1. Per-residue HN-Hα couplings for segment 299-306, Karplus 6.51 cos²θ - 1.76 cosθ + 1.60 at θ = phi - 60°, whole Hz, x for Gly and Pro?
2. Assuming a ≥ b ≥ c are the square roots of the Cα gyration tensor eigenvalues, decide whether segment 254-403 counts as rounded (a/c under 1.5), prolate (otherwise, with a/b larger than b/c) or oblate.
3. Take Leu171, Leu166, Leu83 and order them by how many other Cβ atoms sit within 10 Å, fewest up front.
4. Can you list residues whose amide H is under 5 Å from Phe364's amide H, if they're 5+ apart or on another chain and H is modeled 1.01 Å from N?
5. Under 5 Å between amide H atoms, partner at least 5 residues away or on a different chain: which partners does Gly294 have, H built in plane at 1.01 Å?
6. For segment 107-199, what is the largest minus smallest coordinate of the Cα atoms on each principal axis, given in angstrom and ordered from greatest to least?
7. With θ taken as phi - 60° and the coefficients 6.51, -1.76 and 1.60, list the Karplus ³J(HN,Hα) couplings across segment 177-182 in order, rounded to whole Hz; mark glycine and proline as x.
8. Can you work out ³J(HN,Hα) from phi for every residue in segment 27-39, in order, using Karplus 6.51 cos²θ - 1.76 cosθ + 1.60 and θ = phi - 60°, giving whole Hz and x for Gly and Pro?
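No lab work stands behind these numbers, since they all come straight from the coordinates. All values reported here derive from a predicted model rather than from experimental measurement. Positions of Cβ are backbone-derived with ideal geometry, glycine not excepted, and every protein chain shown enters the neighbour counts.
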Amino acid sequence: MPTVFVHGITVREDRFNELLKRVRSGFTKRRADAVVDGFYWGDMASSLRYDGASIPGFISEKRAFDDWVATTGDETQLAMLLLDEPLLELRLVRDAEDFNPFAGIDAPAEVEERNQRLEAARSSVALAIAKEPDLRAAAGAAISEVDAQQLVAECFDAAGRADRTLEVVDLIDPLCRAITASIYRLVEGDSPKLDQRFQWLAVETHVQAVLEKEFAGERGWVGDKLSGLAGGAASRSVTFAMKHGLRKRVMQSTALFVGDVLAYMAKRDQVQDALKKVIDKSLAASPGPLTLVGHSLGGIICFDYCLNTATDIQLLITVGSQVGLFAELGAFPALVAGPDGKLPTPKVIETWINVYDPNDILSFLSAPVLTRVKDVDFNTKAPFPAAHSEYWNQAALYEQLLP
């Protein structure tokens, strides 16, 4: 099964090689006959040349989306806020008296035992985070013991200040999210990159395992208890996060996206010619029904190829892509809407699957605009911008694509 993978925006060659290896492994585990080649076009892409100076408030950080609204209670949207303030969720449930978390004489009696358990586990949790090789691999960088001790101390201190009605079992999930977000900030900083080595779900899973081991397998979800304590503070936290960096990361990420789109449009023929050579070579080496896989703008590149080729495409897979948006904007003038009002999918495509995550703001539906395409909602469980590259890290994606 010859397969050609086309990467997305902001990817450069070292990252492309890693990504291709991961995609190849995911496909061959599902289909032993899969032969996956890659098309690299990153050298023809773009970047911000003036450090984002054209984005209002980007450098000064003085403008924000004060009326930006998120759905409270969604863990992934919550995680998006935690990228800017990892302790936000724990601070929202701080006890009214704001007692010193680990000084028993200042804390209510019902809190003392809880905080003693937290204190006893602090060092071992930090050590496990620094030493766990799988966690380090998922984070994409080593975590020093000093850094681990510091970030765990900050998270446990915030947990120790939580409302007296919350027990250790109630705090494990919020602690897990706070520690995961803290590790992300340590590794990625304020990075706007849309293609990251940080594997959000894998890191969160490893942190969860560490906490459950330390607390004897306990696991809880604050749920209604958290909502009741947080109250209106949860909605106010959205504006807080936007003012303290969320818009900066989102805007720079989307600016990079626009930059690569403009670079592609300017070099469209050049990119398409290079892709054709890769596909022809792949088919010559491994004859058979062709599969095209495009991530993000790579999906646009694949769709463009399908518009201008006589080669049969057994399966087109677009992931976190913008084909539907581009079609709606009229970027494919050769397509003329049919009686149903939709634009026709190229006849050379036998089956088309479009994968999107609602929390990935650069992924779009295609089925409302184009014919013969199946939109698949895939929850990466990661916040944006990490969500945009998280798809390929999860075995569940390949299971859905190649059942």
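1. With the stated coefficients, segment 299-306 comes to x, 4, 4, 5, 5, 4, 4, 5 Hz.
2. Details: a/c = 1.27, a/b = 1.16, b/c = 1.09.
Here segment 254-403 falls in the rounded category.
3. Working: Leu171 29, Leu166 21, Leu83 24.
Fewest to most other Cβ atoms nearby, the residues stand as Leu166, Leu83, Leu171.
4. Excluding prolines and chain starts, which carry no amide H, the hits are Ser321.
5. Residues meeting the amide H criterion: Val6, Ile317, Thr318, Val319.
6. The principal-axis extents, from largest down, are 47, 24, 18 Å.
7. 5, 5, 5, 4, 5, 5
8. Going residue by residue, I get 6, 5, 5, 8, 9, 4, 8, 6, 10, 9, 9, x, 10 Hz, with x marking Gly and Pro.
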